[in-house]
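The structure appears below as structure tokens.
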Amino acid sequence: MKRLLILIVLLLSVLSVYGFDWPVNKVIVTSTFGESRGDHFHTGIDLGGGTQPVFPISSGQVVFQYNSGQYSSTPIGLGNFVVLQHKGNIRSIYCHLKDNSIKTGIKSISKSDQLGITGDTGHSYGKHLHLSIIDFETHSILNPLTLLPPVKDKQPPIIKNVWMKTGDEEKKISGTDTVKPSRVEILAEIYDLREDVSFIWKLAPYMIVLYENGVESARITFDSIVKYSGKLVLAGSKRSFNDIYASDWIYRLGSIELLEGENHLLILVKDFAGNESMRNFFINAGKPK
Amino acid sequence: MKKKKQRYIVPLSILVVIVFTGFFSLPTGREIVVKPVWYRNLKTVKIVKSNKIQQGNKYIWYRNGRLFGYTDLEGNIYLRETGSFFTSLTDKVFIDYSKVAENFFLKNPKGELISGFHAFGYPFFDETGQRLFVIKTDLSGISEITETGDITWEQDFNSVITSVSVSSGEISVGLLDGAFKIIDNKGRIVFDVKPSGSSIQVITGSAASKDGDMFACISGLNPQKILIFKKKNSNYSVIYSKDINSDFRREVLMRFSPGGRFLIFEAKGGMGIIDINTETTQFIRFNGKIKELSILKEEGLIAAASSSRNRSFFELLKPMNSVFLYTEIKGRIGTLRRIGNHIILGVRDGIMRIDIEDI
């Protein structure tokens, strides 16, 4: 009973800190946390839905903002943006806001106060809101989808192609392959899909796990990003952008040792709504001649 | 008797004047003469054809709104282009790039292509044009690259870059989490501090002296502080720290004078000047937000451009003295550059040269 009470108290305290709301009324996730941005991870989520008002995910204090025309020592890819500080030293960042839509001179803001309007300023391909959440207590960039109310999504992620790589040689795994026993790197083309559009619009999954002969050999989880050895890495695996991405949707899952005989590979992928996909591969490693 | 007395009046008066001017006169002080030399309307001006450009020409870059290009002290316009999204300019080379660019093209002041390469992020040069940096579009990292696109070093941050200042060797980076870092020319963080004493931590401005011996930042909210760091035997220590009454929640402009004696920064309702030698501070009331600052002469003269809504202002002042030239400019104000004792100022649809003579 006592344990249950402690658990409830803990749960409530977590909920009170992270009781965040969506910053827009029409929620369409067009880009997820951890996606490739050419040379770095996408450090937030993108929300489409055209022009719409932007609200704070929780009440907070304005810490920093940029409006076009304002002095800046560097070019600003985030466009017009506002940073809010919430309880627990968590800060939320709202980017690419429409010119002149940010209210200036405001120090604190409540959940119902409009922050600005979604726009296309900065490094942006169309009107959207980029939302980032940083925990300055743990020094980690958090995945907003793990903190915001759940998104509706029934479609499981897709494991499109899988390759094994030795040196410069890449071989697509069909499912029943015969190779020499060796150490190979496993690459996989994986993505989730937007449900609200009829064409292919790729999103990053939440988790990818690679099993080798029933044993977990690699796990990629897009839940938070931290700094490690001067680079931004995924918090759990400590893997950097270049360790994860071979190209935009092709993930470096990890290296495995193909032992003589049949090797069983299982790739399990989860999206943010909890939908799962998995694929099995059997690779026969023959005796080297 | 009366006549005899009158005879002495004139030579005595002359003698009094000579004695007074010789022993009691005070210098009248140096006068500063501000002289507009030329104005070129960028919409109508004739561009010098590239085959008529002489070898060894000294180009000066300018920017006004989205228009940018090159001029010289005589006011010849060699290039006038409309920028795509942002243009990083030096007197020798420029990169104009779109907001979603993944390729950089370096061009010379004639607009001829020097090199092109694939890169992510937004490029910017240091003031001398010798060093090229790339800032990640999400402001989470910075790198230095060569003019062919090779990365010399890079640093990532689990935060957001709020301010960058470049000296001859080091570069300082201010972050959203309140950290202020100095990175050497090999990409190593040689100084890392998070000023305390404010209820909210954030860096809202930074400056680096030309020689890299001094750095400064504006830190925190409630209260906001200004700190100056001095390099001594490759270590940095705080030589000045003071609460200021501002509450900036945006980046503010701050610069060291070329000789490093003064730190000039946007203050609440105007400009603050710290004399580092005497640790005295001066406040000068200003209209609007300071957008550009240029310091003429080693420790001498500050030229500033500020704006408030649709009004622009140009001011000239001496540190620890008052504003001696103040003028409202109708329309926008663009480039404010110092070339010796000349100022190139973007005004309305054009650019102008103003000479400052100290007589």
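Remarks
- Extreme residue, farthest from residue B:63 (Cα to Cα), among residues of the stretch B:94-121 that are assigned to a strand (DSSP E or B) and open to solvent by less than 30 Å² (accessible area, probe 1.4 Å): B:117
- In the condition set (1) more than 25 Å from residue A:219 (Cβ to Cβ); (2) out of contact with any Leu (no Cβ under 9 Å at 6 or more places or on another chain); (3) modelled with pLDDT of 95 or more; (4) more than 14 Å from chain B (Cβ to nearest Cβ), residue A:117 is compliant with all but (2).
- Some residue of the stretch B:109-124 being under 22 Å from residue B:255 (Cβ atoms), more than 7 Å from chain A (Cβ to nearest Cβ) and touching a residue at least 40 places away in the same chain (Cβ under 8 Å): no
- Among residues of the stretch B:276-289, those that are charged (D, E, K, R) and either closer than 15 Å to residue B:244 by Cα or more than 18 Å from the chain's Cα centre (by Cα) (or both), counted: 2
- Residue B:137 fulfils the conditions (1) part of a loop (DSSP other than H, G, I, E, B); (2) more than 8 Å from every other protein chain (Cβ to nearest Cβ) except for a single criterion, (2).
- Only residues that are part of a strand (DSSP E or B) and of a type in the set (D, E, K, R) were counted in the stretch A:253-289, giving 5.
- Residues that are at pLDDT below 95 and open to solvent by 50 Å² or more (accessible area, probe 1.4 Å) within the stretch B:200-221 comprise B:210, B:211, B:213, listed in sequence order.
- Members of the stretch B:140-156 that are buried (at least 22 other Cβ atoms within 10 Å of the Cβ) and assigned to a loop (DSSP other than H, G, I, E, B): B:140
- The stretch A:181-235, residues that are without any contact (Cβ under 8 Å) to a residue 40 or more places away in the chain and within 27 Å of residue A:50 (Cα to Cα): A:193, A:197, A:198, A:199, A:200
- Strands (runs of 3 or more DSSP E) contained in the stretch B:254-293 and holding at least 2 residues crowded, with 18+ Cβ neighbours inside 10 Å, within 14 Å of another protein chain (Cβ to nearest Cβ) and in contact (Cβ under 8 Å) with a residue 24 or more places away in the chain: B:254-256, B:262-267
- Here residue B:79 meets each of (1) assigned to a strand (DSSP E or B); (2) in contact with a Leu (Cβ under 9 Å, 6 or more places away or on another chain); (3) farther than 29 Å from residue B:211 by Cα; (4) open to solvent by less than 40 Å² (accessible area, probe 1.4 Å) with one exception, condition (2).
- Residue among A:153, A:99, A:120, A:113 that alone is touching a Pro at 6+ places or on another chain (Cβ under 8 Å) and open to solvent by 20 Å² or more (accessible area, probe 1.4 Å): A:113
- Any hit, the stretch B:313-324, residues being among the hydrophobic types (A, V, I, L, M, F, W, C), part of a strand (DSSP E or B), exposed (fewer than 14 other Cβ atoms within 10 Å of the Cβ) and modelled with pLDDT under 90: yes
- Inside the stretch B:125-134, residues that are within 14 Å of chain A (Cβ to nearest Cβ) and either assigned to a loop (DSSP other than H, G, I, E, B) or under 15 Å from residue A:77 (Cα atoms) (or both) make up a count of 5.
- Residue pairs whose Cβ atoms lie under 9 Å apart, sitting 6 or more positions apart in sequence or on different chains, and linking a residue in the stretch A:86-97 that is at positive phi to a partner that is of a type in the set (Ser, Thr, Tyr) and open to solvent by less than 10 Å² (accessible area, probe 1.4 Å), are A:96/A:118; A:96/A:124.
- The residues of the stretch A:167-184 that are among the charged types (D, E, K, R) and part of a strand (DSSP E or B), listed by number, are A:169, A:170, A:171, A:172, A:177, A:183.
- Once the stretch A:53-69 is narrowed to residues that are in a loop (DSSP other than H, G, I, E, B) and surrounded by 18 or more Cβ atoms within 10 Å (Cβ to Cβ), the residue that is farthest from the other protein chains (Cβ to nearest Cβ) is A:55.
- Residue under evaluation residue A:96, criteria (1) at the interface with chain B (Cβ under 8 Å from one of its Cβ atoms); (2) within 21 Å of the chain's Cα centre (by Cα); (3) part of a strand (DSSP E or B), criterion not met: (1)
- Filter result for residue A:153 (among the acidic types (Asp, Glu) and not assigned by TED's automatic domain parsing to the domain that holds residue A:220): yes
- Matching option when the condition is over 22 Å from residue B:288 (Cα atoms) and at the interface with chain A (Cβ under 9 Å from one of its Cβ atoms), among B:238, B:202: B:202
- Residue in the stretch B:156-198 that is nearest to residue B:133 (Cα to Cα), counting only those that are basic (Lys, Arg) and more than 11 Å from chain A (Cβ to nearest Cβ): B:186
- Among the candidates B:52, B:43, B:110, B:58, residue that is within 30 Å of residue A:120 (Cα to Cα), modelled with pLDDT under 95 and out of contact with any strand residue (DSSP E or B) (no Cβ under 6 Å at 6 or more places or on another chain): B:43
- Residue check, residue A:250 closer than 30 Å to residue A:40 by Cβ and modelled with pLDDT of 90 or more: yes
- When A:44, A:34 are checked against the criterion of being modelled with pLDDT of 95 or more, surrounded by 18 or more Cβ atoms within 10 Å (Cβ to Cβ) and within 11 Å of chain B (Cβ to nearest Cβ), A:44 stands alone in meeting it.
- Check on residue B:195, modelled with pLDDT of 95 or more and surrounded by fewer than 18 Cβ atoms within 10 Å (Cβ to Cβ): no
- Among the residues of the stretch B:294-312, just one is outside any loop (DSSP other than H, G, I, E, B), within 21 Å of residue B:208 (Cα to Cα), open to solvent by 10 Å² or more (accessible area, probe 1.4 Å) and of a type outside the set (Ser, Thr, Tyr), namely B:295.
The values are calculated or read from the model by the stated rules, or taken from the named source; none is laboratory data. Nothing here was measured: the structure is a model prediction, and the numbers come from that model. Cβ atoms come from the backbone with ideal geometry, glycine included; neighbour counts cover every protein chain shown. Areas reflect the complete protein model, heavy atoms only, side chains present, ligands, DNA and RNA absent. Shrake-Rupley method; radii C 1.70, N 1.55, O 1.52, S 1.80 Å.
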